[in-house]
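Contents: one structure, followed by commentary.
What follows draws every value from the coordinates through simple rules; no lab data is involved. Not measured: the values here are computed from a predicted model. In this analysis, Cβ positions are derived from the backbone assuming ideal geometry, glycine residues included, and neighbour counts consider all displayed protein chains.
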């Protein structure tokens, strides 16, 4: 099954010859292609197990979900797409976006591979918390004092090892990310937690003292630290690469690792460690200060913006902060707040799914909501809420409300990266009922706000009777009139295969001569893309039309477009809907050919007329 899905994905994105590189993260298969126009996006989204797909940071990202993405990726590699292409993807992507986004992307590349280990450790912490509760022990006639010390030691091995050797994991992953030898990274990471150095936890507790170099440089182990290992990994990988360029192949195997380890030991213990451990301490204190804001402010702010940060793609910064919290305090207050933001998007999507009469939207929204309850929000965000805008906003508000209560109740998980229903395993230490309560609040507020204020179903909207141009003379017919001034051309002549081959439906196209879109019939605004380059309209008869202003103009992120209406607004034929900077967009190199496509043509008999400004006639089957 997975092999067949992988084959379908490769075919839908234009075949092996169109794939420049492929990689994956925790939930998404990330593909860089040579020619975006060769991707059959509708076909991709209809493939089994695909929960959505979109372009971001120069990559075509296909959402498959945790676990599934690893299996599909392996099958894609097995079908002839080289796994070594991950490095070229990182190199290409690293050049895109501003400095901040590139830095966050690097954090993601480093931390994503080690997150499964930290997830497992968090679950072990949760189970230990459950098994050592007095209530649970009482069921078996036991108390905390009656637990075998050897059993406690065994649980500590499970829960403490990953964080005691966290610098090893970080240094290994950083070396791998920056093109160094991972084994060298492991050795450098082990040096940072050498048993010959004073243990960082013991120094913090006061049972050991730091060594002092030159009387003022403190030297300790770096158990639980992230930044020193991260910086050492970057510098070490670059140093190794530089040495390989100047050392002959004859001596490379012997000299390069020797010099790399020697130089990095000196730099890491005497310079990098003390400096960046201090910076890390400041970051930790700042994070704790933010989380300790009174009256639940921190929970409300983080809960309200977290999913917005996910959309921007810089959410990996939370990985760094969560790792620090768990390693240094044993608790992760971010997890509960983030969970509230996640289930809120699920609640908003479920409200859309229950309220809509559109079968396609219902089939998309309801499964997306349940996916969010398992901790994966991309289908709900990109497939439903963000497309409709208002449900996404209602989800953000509800995430803030849920985060507020999570902060008020001082909820903190024992691990990270497991959220929503699976995340309950991180709260078995006596917090489980409160965890369930704040999630119900977040989900319920999102559902209620979306139901009453965030979504109007286009097919149930009452549209005023219009007599202009004999448009929609019965509720079974729709006449689509020219809505942009310019030259009308056949859809087959559009220089984009998705439209020319009518993958989205039949219709026509216009080469605009003016920057104004007016209503082609009487109806309701069903959808406006966040980038405003496309708008979906529904007539009184239920005909749905997509107007896509320009080709590949999604890349403009809304620049040059101004929407004059909102989702759910009613309009009459000829009303202004959208303004766009025709000359400005063309000056940026974009073709302004505008397809006008009937997306539910299977329900109508369609006639392309193009006579006296009447473009399309449709009658209900």
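Summary of computed values
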read-out	value
Kirkwood Rh and Cα Rg combined as Rg/Rh, the stretch 499-538	0.96
Residue order, fewest to most surrounding Cβ atoms within 10 angstrom, among 266, 31	266, 31
Using alpha carbons only: equivalent-ellipsoid semi-axes of the stretch 338-401, gyration tensor based, whole Å	17, 12, 9
Sorted peptide list for 384-396, 557-569, 536-548, criterion being average Cβ within 10 angstrom, highest first	384-396, 536-548, 557-569
Rounded to 10°, Cα long-axis angle of helix 317-329 versus longest principal axis of the chain	30 degrees
Sorted peptide list for 596-606, 366-376, criterion being average Cβ within 10 angstrom, highest first	366-376, 596-606
Angle in degrees between helix 2-12 and the longest Cα principal axis of the chain, rounded to the nearest 10	50 degrees
The stretch 468-620 - Rg and Dmax from Cα coordinates, angstrom	14.2, 43
Cα-based convex hull, the stretch 165-291, per residue volume (Å³, whole number)	112 Å³
Separation of alpha-carbon centers, the stretch 202-247 and the stretch 580-602, rounded to whole Å	55 Å
nm² value of the averaged projected area, convex hull over the Cα atoms of the stretch 540-608	5.9 nm²
Between 0 and 90°, nearest 10: helix 227-246 axis offset from the chain longest Cα axis	90 degrees
Protection proxy ranking of 443-451, 292-300, 121-129, 208-216 - average other beta-carbon atoms within 10 Å, highest first	443-451, 121-129, 292-300, 208-216
Whole-angstrom gap from the stretch 489-540 to the stretch 383-439, using each part's C-alpha centre	38 Å
Calculated FRET value between residue 513 and residue 311, using beta carbons and R₀ = 41 Å, to 0.05	0.75
